[in-house]
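The structure appears right after this line, and notes come after that.
The values are calculated or read from the model by the stated rules, or taken from the named source; none is laboratory data. Keep in mind that this is a model prediction, so the values were computed, not measured. Positions of Cβ are backbone-derived with ideal geometry, glycine not excepted, and every protein chain shown enters the neighbour counts.
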There are 4 protein chains.
Amino acid sequence: MSGAGTTAASGRSASRGRIDKRQAILDAAMRVFAREGYAQAGVDAIAAEAGVAKPTVYNHFGDKENLFRQAIAADADRALARNMEVVDQLRSEGDLRPMLEEVGFRLLQCHCDDRSWALRRLLYAELGRFPDLIDIVRGRASDRVTEALADRLARLALAGRLRACDPAEAAEQFAALLTGPMEARARLGTRQVPDDELRTVAAAAVRTFLQAFAPEAD
Amino acid sequence: MSGAGTTAASGRSASRGRIDKRQAILDAAMRVFAREGYAQAGVDAIAAEAGVAKPTVYNHFGDKENLFRQAIAADADRALARNMEVVDQLRSEGDLRPMLEEVGFRLLQCHCDDRSWALRRLLYAELGRFPDLIDIVRGRASDRVTEALADRLARLALAGRLRACDPAEAAEQFAALLTGPMEARARLGTRQVPDDELRTVAAAAVRTFLQAFAPEAD
Amino acid sequence: MSGAGTTAASGRSASRGRIDKRQAILDAAMRVFAREGYAQAGVDAIAAEAGVAKPTVYNHFGDKENLFRQAIAADADRALARNMEVVDQLRSEGDLRPMLEEVGFRLLQCHCDDRSWALRRLLYAELGRFPDLIDIVRGRASDRVTEALADRLARLALAGRLRACDPAEAAEQFAALLTGPMEARARLGTRQVPDDELRTVAAAAVRTFLQAFAPEAD
Amino acid sequence: MSGAGTTAASGRSASRGRIDKRQAILDAAMRVFAREGYAQAGVDAIAAEAGVAKPTVYNHFGDKENLFRQAIAADADRALARNMEVVDQLRSEGDLRPMLEEVGFRLLQCHCDDRSWALRRLLYAELGRFPDLIDIVRGRASDRVTEALADRLARLALAGRLRACDPAEAAEQFAALLTGPMEARARLGTRQVPDDELRTVAAAAVRTFLQAFAPEAD
DNA sequence: TATGAATGAGGCTTCATTCAT
DNA sequence: GATGAATGAAGCCTCATTCAT
């Protein structure tokens, strides 16, 4: 995905592509920040991993703080897009349970993606130093996903597929039933959870969710 | 709070002062680590906040890494104790719903305590550098709580107050319904959630939980 | 002031723009060097203040050292011209005392000009790194002025308006009586000395000078 | 002078004297600053020249700015002391002219001392960045000397050895006649002026001074 | 045991200077 | 000829850690 531009737009020389340095730096930064944490990550390491000289990083981003913010924002955008794509598959027609299980499973895949864990870890870690990160990320990711989920659940309720309920609360609880167990199971992102297990968790979440939110005259 | 003991209990001997000093360093360390993060926290700052000289810290704890681990472990113990005390109030007799709501509310209070958020934030932040922290903390805190909760839910099921179910799964989902929503609501610990809201979340969690896990012939 | 020429005189051709740009860089350089000192002055800042791109500066002047020398030399020329114009007003006819006072006053005005102080400050500052600056500036400014002054004093002595004396020594002491007190009074150029005070100093210098150098049969 | 303490107070070990690091750093700092200028002087170089590690410099002085100020202040103190000692030799009894010539000569020696030129050069150079240096130095050096000189001239006038005059102005002009010529002759401190020449300048200064300020009925 | 002073290593940032357009 | 982007070198400062008392 990130390599796409690097490969395509290389107009002339292969020796020193002038092309995508900015993106390369952002990618490298996210990798290094995720690996080392903000304070421990060296700008040298980022520059090296991006294949540029250190001052180039500063030419593009000014200082380490701004580089961090931009890298976080970029990854939050990416995560939001992936989540939204999944939520979009939640339609009002079709078998409800398997659809919920599929959406739940895919949401868990997003949630347990390495980069998602890294993003969350950095967020937790650096909130003290960068309080505005919350707004940067929440404006772009988790909240928006929960809201979109609420929208779809509302339509399901209107269609009589769920019982009348507060869609925001339903979405909040559906999300909680999905992701809540993962913190322990993934050991905060240090363990790769296999898809089987994700499906199991999703199925359990959907089971509880439907027992609480299915239409009464089921 | 920590100063009180330092002043009062130093009545006996010098050995008491030793312990006090050690505890003062641990407390100061946790405060500074929570405030600044591991990498940014200076041993100078910790020593200053503890009211001792820097080499004293090294005499007691060897190096910064070990100090960090000890401080984390101490706080994890404290958190475990508080949580256990709450879970212990989940008995098999009495009105189920209000009891669950009360326990849920108290668990949320623990979960949303400043020091709990700080602990989680440090955990997330430093997992890369200290992978063993997971075991230190999980062996002492969250998992043990969920297990204890599962024990109590099992007894409730045996007593016919819940329907037959996998108690581990029930506990996992009860915990998820409680704490899952808090990440967003507390803005990762940067917002102080009022007790009203905690009670609301607890009530909603219990409602969904009971709809899924109450005995069928309700 | 520098922008005026840029806008107006660019009527003719492109060759004029070349010269304007060169002069604009020199002016900007002197301003920035005076404000920040040689080492601290950034070529970026000079280029920005001149309204050109950084490489343009290098195209014109090769490197920072040369730019510095050229800027210093240009300002030394300017200062020399102003001083010479004043000394030129020292004629052999007319009332001696008021004429000396007027010339002294005007020399002090030159000496206390902001740009003169800046030039001296830079000279003092960078002598270690640029020993040849002394020759650049002394060949263009202060020594030449003292010599011209000596010439005029010699003619005054020949005309019997001063007693026989070594004109070089007389000029040296006249200059000393004028400028010596200014270092303290102007606080090395950081205080703007009002004209009144300059006239007072000039009058005192002339008084002492004449008591020492007036013809004996006064 | 600076070596005195270093040699004497070395209580125990010769390997790593704990004695005079602070003074050694100040001395080294002044040497390096004088040689390179403030901006160009590296703290590394200062530490190396002082024979200590870089952080030791920071432990003692906090940052480069403060180190600079302290070094300047120390040298200004030293210069003041030397000048005062000379002025103190200006008594009201004895032959006036030779005494003035001797004092003038010694003042010129102070003025033309390497460290004095270095101090003045740094002062001129860094006034822009450190405006308070003026007060630090003027409160300690040149002004105080001129005032002390004025005091002595006033006593000479009272004793009838000089004619009635404003002693401040007389001191100002005496100092001007002495030091004014040196700027050109010493090429701003880059040329070592031999004592003969200093005596010549002093004699000329005294000659002019006495012609202006000797009692009228001489 | 507790401390003041010292250190070696390393990080962020800036700058003069040069390609390639 | 003028520019935007890139770089190698270097500087200030901080920190975890250790002596010597």
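Key figures for this structure:
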{"quantity": "Any hit, the range A:193-213, residues being of a type in the set (Val, Ile, Thr), within 17 Å of the chain's Cα centre (by Cα) and within 11 Å of chain B (Cβ to nearest Cβ)", "calculated": "no"}
{"quantity": "Scan of the range B:38-74 for residues that are β-branched (Val, Ile, Thr) and either crowded, with 18+ Cβ neighbours inside 10 Å or near DNA strand F (Cβ under 8 Å from one of its atoms) (or both), ordered by number", "calculated": "B:VAL43, B:ILE46, B:VAL52, B:VAL57, B:ILE72"}
{"quantity": "Options C:MET84, C:MET30; residue that is within 16 Å of DNA strand E (Cβ to nearest atom) and either in contact with a Lys or Arg (Cβ under 7 Å, 6 or more places away or on another chain) or modelled with pLDDT of 95 or more (or both)", "calculated": "C:MET30"}
{"quantity": "Residue count, the range A:75-91 (criterion: surrounded by 16 or more Cβ atoms within 10 Å (Cβ to Cβ), out of contact with any Ser or Thr (no Cβ under 6 Å at 6 or more places or on another chain) and either of a type in the set (Gly, Ala, Ser) or more than 15 Å from A:ARG120 (Cα to Cα) (or both))", "calculated": "5"}
{"quantity": "Residue count, the range A:77-109 (criterion: more than 17 Å from the chain's Cα centre (by Cα), over 14 Å from A:LEU177 (Cα atoms) and part of a helix (DSSP H, G or I))", "calculated": "5"}
{"quantity": "Residue in the range C:67-81 that is at pLDDT 95 or above, within 16 Å of DNA strand E (Cβ to nearest atom) and among the aromatic types (Phe, Trp, Tyr) present", "calculated": "yes"}
{"quantity": "Filter result (crowded, with 16+ Cβ neighbours inside 10 Å and either within 24 Å of D:PHE213 (Cα to Cα) or not β-branched (Val, Ile, Thr) (or both)) within the range C:186-196", "calculated": "C:ALA186, C:ARG187, C:LEU188, C:GLY189"}
{"quantity": "Residues (free of Cβ contacts under 8 Å to residues at least 40 places away in the same chain and within 11 Å of chain C (Cβ to nearest Cβ)) located in the range D:143-160", "calculated": "D:ASP143, D:THR146, D:GLU147"}
{"quantity": "Single condition D:LEU123 does not satisfy, out of (1) facing chain C (nearest Cβ under 10 Å); (2) without any contact (Cβ under 8 Å) to a residue 60 or more places away in the chain; (3) more than 18 Å from the chain's Cα centre (by Cα)", "calculated": "(3)"}
{"quantity": "Complete set of residues in the range A:108-118 that are of a type outside the set (Phe, Trp, Tyr) and within 11 Å of chain B (Cβ to nearest Cβ)", "calculated": "A:ALA118"}
{"quantity": "Among (1) within 12 Å of chain D (Cβ to nearest Cβ); (2) under 17 Å from C:PHE209 (Cα atoms); (3) surrounded by fewer than 15 Cβ atoms within 10 Å (Cβ to Cβ) - the single one C:ALA168 does not satisfy", "calculated": "(3)"}
